[in-house]
Amino acid sequence: MLRMTSLLAGGAVAILFATSAFAERGTDGTLNIMYWQAPSLMNPYLSGSTKEVDAAALVLEPLASYDKDGHLFPRLAAEIPTIENGGVAEDLKSITWKLKPGLKWSDATPVTAKDVVFTANYCMSPEGGCAQLAGFQGVDKVEALDELTVKVTFKNSTAFPYTLFVTANSPIIQAKQFAGCLGEKAQTCTEANFGPVGTGPFVVTNFKPNDAIQLKANPNYRDPNKPAFAEVNFKGGGDALGAARAVLQTGEYDYAWNVQLPPHVLSAMENAGKGRAVSTFSSAVEMLFINLTDPSPNLPPEERSTVKHPNPILGDLSVRKALSMAIDRAKLSEIGYGSRGKPTCDWVPAPPIYAAGNTGCLSQDIPGAQRLLDEAGWKPGPAGVREKDGKKLKLTFVTTMNAVRQQFQAILKQWWLEIGVDVELKSLDASVLFGSDPNNPDTFQKFYSDIQMATDYPLQPDPAEYAARYTCELAPKPSTQWQGQNFPRYCNKDYDAMVTELGQIVDIEKRGEMVKKLNNMLTDSYTIIPLVWLGGGPAISNTLGGPVSNPWDSALLGAQDWYRKK
């Protein structure tokens, strides 16, 4: 757990040293990576999905990252700014970063403070639809003080200034390459979005959206002995079962992301002796997102699933609450994840100081849900499906194609039918649902359904940025190219004010209490319905050395330290 006060004072800054088992760049051949959710681009600012963030982490880097224990360490930065070293202002209204000297882009040009400033302007540009805008909230300006020094000034005192330029979600992009890509033009820069010039250990040589990526070792990477692998074959698509099998049984691949499968299936695969499935509990939760707006296809495209039209069914709090009451989370957790999951009522289940520890949702209450709907005027109609004012209680429920999720869908449909709710199930390829194309009608951001199920989690041990995603302004809409991570379109001025207040609280205990209140506002309104706290992870070949299970940042940010075991 990150300790806020000691971090600002300089006492908790950690440097991550990897144990190197190789001595020369490119001597270990090809690294084979499989993601059953295929990336659609290599720009995390245009997609909030893990698949794009992780793929881009092989090429793009932030100023700082978190290690597996939640400690912040410098990556492109020379050090972590703190109050003690003068990097964080005493009034908490600014933070000053210094770049490591001698950094080069993969095209051999120097990395400068201008690139950092440009990155901020790129994300904060109006109508750009930056997916990571929550991390830039409260920023007044970002300016270059010299070639290697950048100052971020905030509008108000900001107790936790380590949001922008920290973690794989907020990397530095090259000003020269993206110069013509500001605002509405961001989505049109295909060459830059598919093959960004970076500072990371690899360079894109070929990118096929929603399919495969080929990369080679960056000849200008700052450590002359890294990476050990000469090439990376990054394959996307398929499903979790096929990805796990490719590592654990056939041995064709070295690393498979998020093998979301029942424990007995993984155990059987591990018996082949070719690899292992890693499990780590962080803050990831499998949850239901409730669309508070109307997804009806009868509405004009520019108004569908926007705040102009409240959801005619799920706008009723009693319906949302009844859906939650009908769920047996313990059964879902056991069926889908076994020891790799825990039933939860919390949107933020960890670290402990931020977890509300709610348990009220853990007991299934179908009779209670039925009574609640009766009282709300939803009366049983033909085939047991409830009606009110001539409208049937029928919902659309979307998730990705995945064995566990399809099983969850079927079980939830049955429980909801018992309380008189009819549900139409739909499953989409993850590359489509979590895609970033604003012209795609089936993206998670457009939310053209009533309910969506997916996993979400904070990007950092401190969940301030995570909470900020649900402020009114971050609801996806046409004017932002449908970007934004407030998927339910939740809008509560009191919530927004508390998020602003959280940004100014220094005391870690008080921050924890505020996060718990924000958690409860989202869950008590049934805007989000948490299901299972996940302890998932990748499948890793026994011949691959170096991967570290890191719940607080992209695992692929450490790929420069991966090697082939001899």
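With the stretch 367-479 as the region, which strands (runs of 3 or more DSSP E) entirely inside it contain at least 2 residues that are free of Cβ contacts under 8 Å to residues at least 40 places away in the same chain?
Here the list reads 386-388, 422-428.
Since residue 564 meets every condition but one in (1) closer than 26 Å to residue 352 by Cα; (2) open to solvent by 10 Å² or more (accessible area, probe 1.4 Å); (3) not β-branched (Val, Ile, Thr), which condition does it not meet?
If we test residue 564 against (1) closer than 26 Å to residue 352 by Cα; (2) open to solvent by 10 Å² or more (accessible area, probe 1.4 Å); (3) not β-branched (Val, Ile, Thr), just (1) comes out false.
Count, please, the residues in the stretch 352-411 that happen to be buried (at least 16 other Cβ atoms within 10 Å of the Cβ) and touching a Cys at 6+ places or on another chain (Cβ under 7 Å).
Count: 2.
Tell me the residue from 489, 469 that is under 20 Å from residue 46 (Cα atoms), more than 14 Å from the chain's Cα centre (by Cα) and not aromatic (Phe, Trp, Tyr), please.
Going through 489, 469 in turn, just one is under 20 Å from residue 46 (Cα atoms), more than 14 Å from the chain's Cα centre (by Cα) and not aromatic (Phe, Trp, Tyr): 489.
Quickly run through the stretch 258-301 and pick out the residues that are aromatic (Phe, Trp, Tyr) and modelled with pLDDT under 95.
Residue satisfying the conditions is 281 alone.
Where the second residue is open to solvent by less than 10 Å² (accessible area, probe 1.4 Å) and of a type in the set (Gly, Ala, Ser) and the first is without any contact (Cβ under 8 Å) to a residue 40 or more places away in the chain and in a helix (DSSP H, G or I) and lies in the stretch 131-153, which pairs have Cβ atoms under 9 Å and are six or more apart or on separate chains?
Here the result reads 136/120; 136/170, each pair linking the stretch 131-153 to a residue that is open to solvent by less than 10 Å² (accessible area, probe 1.4 Å) and of a type in the set (Gly, Ala, Ser).
Check whether at least one residue in the stretch 482-491 is within 25 Å of residue 408 (Cβ to Cβ) and among the basic types (Lys, Arg), and report yes or no.
Checked against the condition, which is being within 25 Å of residue 408 (Cβ to Cβ) and among the basic types (Lys, Arg), the stretch 482-491 yields at least one hit.
Of these, 471, 443, 480, which one is at pLDDT below 90 and among the β-branched types (Val, Ile, Thr)?
Just one listed residue meets the conditions, 480.
So which residues in the stretch 483-538 are of a type in the set (Ser, Thr, Tyr) and under 28 Å from residue 279 (Cα atoms)?
523
Looking at (1) in contact with a strand residue (DSSP E or B) (Cβ under 9 Å, 6 or more places away or on another chain); (2) open to solvent by less than 10 Å² (accessible area, probe 1.4 Å), can you tell me which one residue 515 breaks?
Among (1) in contact with a strand residue (DSSP E or B) (Cβ under 9 Å, 6 or more places away or on another chain); (2) open to solvent by less than 10 Å² (accessible area, probe 1.4 Å), the lone unmet condition for residue 515 is (1).
In the stretch 96-125, how many residues are surrounded by 22 or more Cβ atoms within 10 Å (Cβ to Cβ) and either at pLDDT below 95 or part of a strand (DSSP E or B) (or both)?
Residues meeting the conditions: 2.
Would you confirm whether any residue within the stretch 307-318 is of a type in the set (Gly, Ala, Ser) and open to solvent by less than 60 Å² (accessible area, probe 1.4 Å)?
Yes, the stretch 307-318 has at least one match.
Among what's in the stretch 194-210 and is open to solvent by less than 10 Å² (accessible area, probe 1.4 Å) and touching a strand residue (DSSP E or B) at 6+ places or on another chain (Cβ under 9 Å), pick the residue that is farthest from residue 238 (Cα to Cα).
So the residue we want is 199.
Inspect all residues belonging to the stretch 278-287 and state whether any of them is in a helix (DSSP H, G or I) and buried (at least 20 other Cβ atoms within 10 Å of the Cβ).
No, the stretch 278-287 contains no residue that is in a helix (DSSP H, G or I) and buried (at least 20 other Cβ atoms within 10 Å of the Cβ).
In this structure, does residue 510 turn out to be of a type in the set (Lys, Arg), part of a helix (DSSP H, G or I) and more than 22 Å from the chain's Cα centre (by Cα)?
yes
I'd like the full set of residues that are aliphatic (A, V, I, L, M) and either on the phi > 0 side of the Ramachandran plot or in contact with an Asp or Glu (Cβ under 9 Å, 6 or more places away or on another chain) (or both), limited to the stretch 455-467.
459
The values are calculated or read from the model by the stated rules, or taken from the named source; none is laboratory data. This one's a predicted model, so the numbers in the text were calculated from it and none came from an experiment. Don't worry about glycine lacking a Cβ; one is built from the backbone with ideal geometry, like all the others, and counts go over all protein chains shown. Accessible surface is based on the protein model in full, side chains and every heavy atom, while ligands, DNA and RNA are left aside. Shrake-Rupley method; radii C 1.70, N 1.55, O 1.52, S 1.80 Å.
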